[in-house]
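To start, the structure itself, in structure tokens.
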Amino acid sequence: MVVVKGVVTSSPIVVTPGWKWLAVLIGLGVLALLYVLGGIFARAWNPWKLVEGADGRASTSKFQWMLWIVAVIFAYSVLWVLRAKQGDYRAISQIPVNVLTVLGFSTGTAIVAKGITSGYVQTGRIAKANVAQVGASSNQIATGAQTGSTQMGNIQSGGAGGGPQGGVLTDDSGMPELAKIQMIGFTLISLGIFLSTLVHQVASTPVVTAVPDIDSSLLVLMGISQGGYLGKKLVTIGTPTLYQADPPQAATGAAVTLTGANLVAPPPGLTAPPGGQLLMNGAPVPTRSWSNNAISFTIPFANPVGGGQWAAGEQVPVSVVVNGQTSNSVSLTVTGPPT
């Protein structure tokens, strides 16, 4: 037996460099086989689909979960092949507690994050729309606004800039989110050390075939970061979020569509939810239509603040208030009177 950092590990074995490379290739082959099987059964070959949520946006919790699954499967496969070379075909039973814990953390975080979102959606507190649905909603509102008045300008269809921007390190408005950065940062550091230890064990002579351990201090840091991520998700989910205005610049009297998330659809017959307001320069303006994912309105001919004329090319902050919560602001350029 061999003691590594006070932990009893498997007996060291002597393996030729050729067998070491073969073990690494077999480990990569196991991952490739899983990828092929997943692609066949799911009929989707883009690996990024594994970390996408139901709304089509990348999920931070799924991403860190996938990283740990890939790393542990690869390490286990490589080390088992090296053990089998010496005639030991038994399963590797001595898995460090910290490795099991981090797998539990990552799995639990992904499940709880999904549960938080699903719970809010099912109770109607938020609406998480698919990326494609947001674009379709924007186009439908834009079409309705065009047919409603001859004074309306042409409205462009929702492009890439007008849709959801949420990602692994950013929130739904496209801004960097500290909770996500912290969790992914400690995950990458821990993964880097885990894989570096694996490489050192395989490259050493004799080879140590125990699954690498994860330092307890890193485990605590990852636990804190994942708790912070879930806490942030609990307190911010359901906050109204606006994306880019469509079009981003328009004349007075023209129709503009704002796509977003968690905007709360109003009851039938109303153009805004009770207490909901669309604000330009911090002053309320009327809306033409309002849904969970998009709002359509007409740029007033006078500045709602003071009632004066718009300055040509004036950039105006636009935001919404829903259920007492104020969204982020997006910029809209008012070009002046229509020509």
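In this structure, does Trp65 turn out to be without any contact (Cβ under 8 Å) to a residue 60 or more places away in the chain, closer than 22 Å to Asp213 by Cα and of a type in the set (Phe, Trp, Tyr)? Yes; evaluated as a whole, the condition is true for this residue. Total residues in the range 256-280 satisfying the condition of being over 14 Å from Val318 (Cα atoms) and assigned to a strand (DSSP E or B): the figure is 1. Cβ-Cβ contacts under 8 Å between residues 6 or more apart (or on different chains), taken from a first residue in the range 85-103 that is in contact (Cβ under 8 Å) with a residue 60 or more places away in the chain and under 27 Å from Asp215 (Cβ atoms) to a second residue that is surrounded by 10 or more Cβ atoms within 10 Å (Cβ to Cβ) and basic (Lys, Arg), are listed as Ile92/Arg83. May I ask you to verify whether Val320 is buried (at least 21 other Cβ atoms within 10 Å of the Cβ) and either of a type in the set (S, T, N, Q) or part of a loop (DSSP other than H, G, I, E, B) (or both)? When the stated conditions are applied, Val320 does not pass them. Going through the range 152-172 one residue at a time, which ones are modelled with pLDDT under 60 and within 30 Å of Gly223 (Cβ to Cβ)? Selection gives Pro164, Gln165, Gly166.
A residue that is more than 18 Å from the chain's Cα centre (by Cα), touching a residue at least 24 places away in the same chain (Cβ under 8 Å), farther than 15 Å from Asn323 by Cα and in a helix (DSSP H, G or I) cannot be found anywhere in the range 227-246. In the condition set (1) within 29 Å of the chain's Cα centre (by Cα); (2) over 20 Å from Gly253 (Cβ atoms), Ile295 is compliant with all but (2).
The values are calculated or read from the model by the stated rules, or taken from the named source; none is laboratory data. None of the values given here were measured: they were computed from a predicted structure. Because the Cβ atoms are built from the backbone with ideal geometry, glycine has one as well, and the counts that use them run over all protein chains shown.
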